[in-house]
Amino acid sequence: MDYPRLFEFVESRKEEFLAELGSILRIQSVSADPTKKGEMLRCAEAVSAAMRSVGIENVKLHETEGNPLVYGDYQHSPGRPTVLVYGHYDVQPVDPVSEWETPPFEPTVRGSDLYARGSSDDKGQLFIHLKAFQAMKTIEGDFPVNLKYIFEGEEEIGSVHLEPFIRSHADLLKADVVVISDTAMYGRDMPTICYGLRGMAYTELTVRNAQVDLHSGSFGGAVENPVHVLADIISRLHDRYGRVTVPHFYDDVAQVSDVEREEIARLPYSDAEFLRQSGAVAPFGEYGYSTNERLWIRPTLDVNGIFGGFTGEGAKTIIPSKATAKISMRLVPDQKSTRVLDLFESFVREIAPPTAIVELKKLHSGEPAITPIDHPAVRAASAALEQVFGAKPYFIREGGSIPEVLTFQESLGAPVVLLGFGLPDENSHAPNEHLYLRHFFDGIKTVAVLYDKIGGK
Ligand code: BES
Ligand code: ZN
């Protein structure tokens, strides 16, 4: 394959690619927001149109009870491997919107980055694959592999409808390898292959007492305060060594080998860089583990939000009727989300006082996943990264979750290659999300080279 021509093609189309990505970033496809159903459909249609326009065939929206799935393929290389590409066109909510320097759905280039919700997670990375297809088709005319694409609109809310779709459409999606660009590189210009993701168990905990807020003069001190109970429960979920206190929480955590821990320790790391990336005051976490270990190989429990009672301006004297916390747990192999949620519920019920009512709602979950590091497709990805970035990739795990990775591996029997082009400090899920443009363009080149390498030409 003529790499210089491919690279020149990408370089010469930069403006055009950015403008096209921009039109998808303008769509407000926030899957968590029930008022954005129309935007979800509009986005699925825009992604379909972008697929058709580069020459991907059999593009079809598959309705689900949630947001539509977008499928497409290009299969003209009999006897050659089939690559299934997965990505998601839904994005996280944008609040607090006042903290965005430019509006979240008005894509703006500032310096070396493109700012917009979804620029990095995951519309920008999804788009890398469409443009890689276009580049390959234009430069080479044919493909050394067969390609299938499946894009969903519910990744950020737990991929509820993709999972049964994969299981019931295993033939349609059948592939030799699955490629996903929805993770981050270890740092700028540090090509990376991710081989492990954490799972997720998300729950909402509400403490209730009276039907309505009570006057705190008439009732304060004589009835239980749900905010106090919630705060007390939360304060008992960790010990002073940063360990989660839910009984049996760690029972199923698989031992990570000394060899792997040594490899993690050998990765370049500094607290200063971690603090720059996170903007946090100091590293913090489970005693006895390094920052990368805390993020990658240890399970965690975090309160994602808490509300209850009076939160407006000034003072109001009430005993709140209820208080709620959103609590999520990141899981590692071999923990199972259902078991962890059960353990959490038992513990909370055990420590809750009889003077208030505790309600638990399970929101969503996903299982942890480990992907192979020695599969030929991983070697091809490694070679493609080296070709474009001029350096061998780092092999890392990540702390985030992509619930479908395990489903792909189990139901298609195909290895997943996590070939991400984001960065840890691109503010995904936060205000001012952005995408480092060089990685976007180099990502396009890398994916095209990957097809060439997997096809063995
Ligand atoms: N792209 C992320 C996953 C990710 C984040 C990978 C950080 C590596 C590092 C993905 O879109 C995401 O945010 N997933 C959710 C899944 C959850 C809602 C089940 C997550 O991890 O919070
Ligand atoms: Zn994502």
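Values quoted throughout were computed directly from the atomic coordinates according to the rules given, and no laboratory measurement underlies them. Everything quoted here is computed from the prediction, not taken from an experiment. Virtual Cβ from ideal backbone geometry, glycine too; neighbours counted across all protein chains shown.
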request  = Please give the FRET efficiency for Arg5 paired with Ser112, using the beta carbon to beta carbon distance and R0 = 35 Å, rounded to the nearest 0.05.
outcome  = 0.90
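At a threshold of 8 angstrom on Cα-Cα distance, excluding pairs fewer than six apart, so keeping six or more, what relative contact order does the chain reach in percent?
Once divided by the residue count of the chain, the mean separation gives 26 percent.
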query = Which whole-angstrom value gives the distance between the alpha carbon centres of segment 58-87 and segment 302-321?
reply = 46
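If you rank Arg208, Arg266 by fewest surrounding Cβ atoms within 10 Å, what's the result? Could the numbers behind the result be given before it?
Numbers: Arg208 18, Arg266 8.
Ranking Arg208, Arg266 by Cβ neighbours within 10 Å, fewest first, gives Arg266, Arg208.
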Integer Hz, Karplus 6.51/-1.76/1.60 couplings in order for segment 43-48, x for Gly and Pro = 5, 4, 5, 5, 5, 4
task = Indicate, rounded to the nearest 5 percent, the antiparallel portion of the DSSP beta bridges found entirely in the chain.
result = 70
message = Using Cβ counts within 10 Å as a stand-in for footprinting exposure, how do Thr102, Thr35 rank, fewest first?
response = Thr35, Thr102
query = What length, rounded to one decimal in nm, is gained on full extension from Leu363 through to Glu286, with 0.36 nm per residue of separation minus their alpha-carbon distance?
reply = 25.2 nm
request  = Compute the acute angle (0 to 90°) between the alpha-carbon long axis of helix 437-454 and the principal axis of greatest extent of the alpha-carbon atoms of the chain; round to the nearest 10°.
outcome  = 60
inquiry  = Using only the alpha-carbon atoms, what does segment 211-348 span along each of its principal axes? Please give whole angstrom values in decreasing order.
reply    = 63, 35, 21
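Quick one: putting +1 on the C-beta of Lys and Arg, -1 on the C-beta of Asp and Glu, what dipole do you get for the chain around its Cα centre, in Debye to the nearest 20? Don't skip to the end; give the middle numbers.
Values: 45 positive and 65 negative charges, 19 e Å.
With only Lys, Arg, Asp and Glu charged at Cβ, the dipole is about 80 debye.
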query = Each residue of segment 223-228 in turn: what ³J(HN,Hα) in whole Hz from Karplus with 6.51, -1.76, 1.60 and θ = phi - 60°, glycine and Pro shown as x?
reply = 9, 6, 9, x, 5, 5
inquiry  = Within 12 Å, Cβ to Cβ, of Glu57, how many net charges do the neighbouring residues add up to if Lys/Arg are +1 and Asp/Glu are -1?
reply    = +3
Local net charge near Arg276, Cβ-Cβ under 13 Å (Lys/Arg +1, Asp/Glu -1) = -2
Theoretical gain in end-to-end length, Arg52 to Ser321 [0.36 nm per residue, Cα-Cα removed] = 91.5 nm
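In the neighborhood of Ala380, defined by Cβ-to-Cβ distances under 10 Å, what is the net charge if each Lys or Arg adds +1 and each Asp or Glu adds -1?
Details: positive: Arg379, Lys453; negative: Asp452.
Net local charge, Ala380 excluded: +1.
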task = Would you mind computing, in nm to one decimal, how far apart the modelled labels at Lys137 and Asp374 are, each placed 7 Å from Cα along Cα→Cβ?
result = 3.9
request  = Figure the gain on full extension for Phe310 and Thr355 (residue separation times 0.36 nm, minus the Cα-Cα span) and round it to one decimal in nm.
outcome  = 14.1 nm
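Given contacts defined as C-alpha pairs under 8 Å and at least six residues apart, what's the relative contact order of segment 160-264, whole-number percent? Can you show the working numbers first?
Working: 23 pairs, mean separation 12.1, N = 105.
For segment 160-264, the relative contact order is 12 percent.
Could you grab the relative contact order for segment 208-342? Cα pairs under 8 Å, six or more apart, rounded to a whole percent. Walk me through the numbers before you get to the answer.
Details: 145 pairs, mean separation 52.1, N = 135.
With pairs under 8 Å counted, the relative contact order is 39 percent.
Provide the FRET efficiency to the nearest 0.05 for the Tyr269-Glu345 pair, computing r from the beta carbons and using R0 = 41 Å.
On the way: r = 36 Å, r/R0 = 0.88.
Efficiency computed from Cβ-Cβ geometry: 0.70.
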remark   = Links exceeding 29 Å between C-alpha atoms in this model, out of Lys326/Lys445; Lys36/Lys326; Lys148/Lys361; Lys14/Lys392; Lys123/Lys445; Lys148/Lys392, come to Lys326/Lys445; Lys148/Lys361
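If we count other beta carbons within 10 Å of each Cβ, what is the order of Asp252, Asp302, fewest first?
Ranking Asp252, Asp302 by Cβ neighbours within 10 Å, fewest first, gives Asp302, Asp252.
Which peptide among 158-166, 234-242, 431-439, 387-395 comes first, and what is the full order, when sorted by highest mean count of other Cβ atoms within 10 Å? Let's see the in-between values first.
On the way: 158-166: 20.1, 234-242: 12.7, 431-439: 22.1, 387-395: 16.2.
In descending order of packing, they fall as 431-439, 158-166, 387-395, 234-242.
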inquiry  = With just the Cα atoms defining each centre, how far is segment 107-148 from segment 231-299? Give it in Å.
reply    = 34
key: Euclidean distance of C-alpha centroids, segment 387-448 and segment 156-175, integer Å   = 20
Residues of segment 51-91 with amide N under 11 Å of the 7 Å Cα→Cβ point at Glu386 = none
